[in-house]
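Worksheet for the structure shown next.
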Amino acid sequence: MNCILCKANLTKGRINHIVDLKEGIIIIKNVPANICEQCGDYYLDTKTALELETMVDEINKIKPEVFIVNYNKMVA
């Protein structure tokens, strides 16, 4: 698979996904992703994206100002 932006190769890796909710920020560490070797853009598979969406919805219920969580501990 190639990057949509620059057409370079993608490699499997882990990223820190940051969500800005205006009233707070959620940082989810160690999220599996396909990362562009050239520009650094990343792509999530459908399963991971849905898991992130669920995590963000649950975390947002407590209205944190800053919340940092490890993806592996939330999914396990």
Those residues of the range 2-21 whose amide nitrogen sits under 16 Å from the label point placed on Asn60, 7 Å along Cα→Cβ: 18-21
Treating only the Cβ atoms of Lys and Arg (+1) and Asp and Glu (-1) as charged, compute the dipole magnitude of the range 10-75 about its Cα centre; round to the nearest 20 debye. 220
If the cut-off is 23 Å between C-alpha atoms, which lysines fall inside it for Lys61, apart from same-chain ones fewer than 8 positions away? Lys22, Lys29, Lys47, Lys73
If one computes the Cα centroid of the range 2-40 and of the range 41-59, what distance in Å separates the two points? 11
Could you tell me how many degrees, from 0 to 90 and to the nearest 10, lie between the Cα long axis of helix 46-60 and the main elongation axis, the longest principal axis, of the Cα atoms of the chain? 20
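Every number in this text was worked out from the coordinates using simple rules, so none of it is lab data. Keep in mind that this is a model prediction, so the values were computed, not measured. All Cβ positions, even for glycine, are placed from backbone atoms using ideal geometry, and neighbour counts span all protein chains on display.
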